[in-house]
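First the structure, in the form of structure tokens, and then the observations on it.
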Amino acid sequence: MKTLLIALSVLAQDVITFKAPEAWKKEEPTSKMRKGQYKIPDKEKTAKDAELAIFYFGANAGGIKANVDRWAQQMGATDVKSETIEGAHKIHLIDLKGTYTGDAAAGPQDNQRMLGAIVEATDGPWFFKLVGPVDTVGDWKDEYVAMLKAAKR
């Protein structure tokens with residue numbers, strides 16, 4: 001009688017759960033670094049849509065300050081302080097307006113707003129970067145923050 005040996009491997013799942021607003025359209029990530037991506041519509045239909053990119057790099061992601069500073073640089077800001085919000089996890093939120101330079105393909109984009117959030121999960125931080133026209137992003141801030149507060153790992 002032959003013995004059949006089957007090896008199973010369980011891969012760690014890089015997953016955080018949250019409920020995005022219904023109007024947000026989930027997209028295929030445009031980069032392998034992204035764990036998720038959403039198109040955020042302009043509620044007033046007067047500006048362009050915004051984009052939410054979600055990143056996870058594990059426990060060694062460079063720290064809160066280093067990431068906040070990087071995002072600030074992408075918006076032309078200096079000495080930015082994050083606001084701490086309590087939800088299912090601790091959240092560090094920045095809200096910046098200016099010229100966004102974080103998309104090399106599109107080049108500098110004026111009149112932009114970034115809501116950047118770092119969600120401190122038990123196995124490392126998750127990064128939620130929402131960028132787009134000032135009015136588009138501003139109209140979704142309350143829903144964005146509510147989504148982050150309920151995000152669970």
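The values are calculated or read from the model by the stated rules, or taken from the named source; none is laboratory data. The structure displayed is predicted, hence computed values, not measured ones. Here the Cβ is made from the backbone with ideal geometry for all residues, glycine too, and neighbour counts use every protein chain on show.
Going by what's in this entry, would T84 be described as surrounded by fewer than 20 Cβ atoms within 10 Å (Cβ to Cβ), under 16 Å from F127 (Cα atoms) and hydroxyl-bearing (S, T, Y)?
For T84, the condition - surrounded by fewer than 20 Cβ atoms within 10 Å (Cβ to Cβ), under 16 Å from F127 (Cα atoms) and hydroxyl-bearing (S, T, Y) - is met.
Working only within the stretch 13-37, note down all residues that are modelled with pLDDT of 95 or more and aliphatic (A, V, I, L, M).
A20, A23
Scan the stretch 73-93 residue by residue and report those that are in contact with a strand residue (DSSP E or B) (Cβ under 9 Å, 6 or more places away or on another chain), touching a residue at least 40 places away in the same chain (Cβ under 8 Å) and either within 18 Å of D142 (Cβ to Cβ) or among the basic types (K, R) (or both).
I85, G87, A88, I91, L93
Suppose we filter T46, T17 for residues that are touching an Asp or Glu at 6+ places or on another chain (Cβ under 8 Å), exposed (fewer than 14 other Cβ atoms within 10 Å of the Cβ), in contact (Cβ under 8 Å) with a residue 40 or more places away in the chain and among the hydroxyl-bearing types (S, T, Y); which single one remains?
Numbers: T17 fails: touching an Asp or Glu at 6+ places or on another chain (Cβ under 8 Å).
Just one listed residue meets the conditions, T46.
Please determine whether any residue of the stretch 137-152 is assigned to a strand (DSSP E or B) and either farther than 26 Å from K43 by Cα or touching a residue at least 60 places away in the same chain (Cβ under 8 Å) (or both).
yes
Considering only the stretch 20-43, state which residues are among the polar types (S, T, N, Q) and either surrounded by 13 or more Cβ atoms within 10 Å (Cβ to Cβ) or closer than 19 Å to K90 by Cα (or both). Give the steps one after another, and end with the answer.
First pass over the stretch 20-43, keeping only residues among the polar types (S, T, N, Q): 30-31, 37.
If the condition is that a residue be among the polar types (S, T, N, Q) and either surrounded by 13 or more Cβ atoms within 10 Å (Cβ to Cβ) or closer than 19 Å to K90 by Cα (or both), then Q37 is the only one that fits.
Out of G102, G76, G107, report the one residue that is assigned to a loop (DSSP other than H, G, I, E, B), within 19 Å of M33 (Cβ to Cβ) and not aliphatic (A, V, I, L, M).
Details: G76 fails: within 19 Å of M33 (Cβ to Cβ); G107 fails: within 19 Å of M33 (Cβ to Cβ).
One residue alone meets the criteria, G102.
Filter the stretch 52-72 for residues that are touching a residue at least 12 places away in the same chain (Cβ under 8 Å) and assigned to a helix (DSSP H, G or I); which is surrounded by the fewest Cβ atoms within 10 Å (Cβ to Cβ)?
If we take residues in the stretch 52-72 being touching a residue at least 12 places away in the same chain (Cβ under 8 Å) and assigned to a helix (DSSP H, G or I), then I64 is surrounded by the fewest Cβ atoms within 10 Å (Cβ to Cβ).
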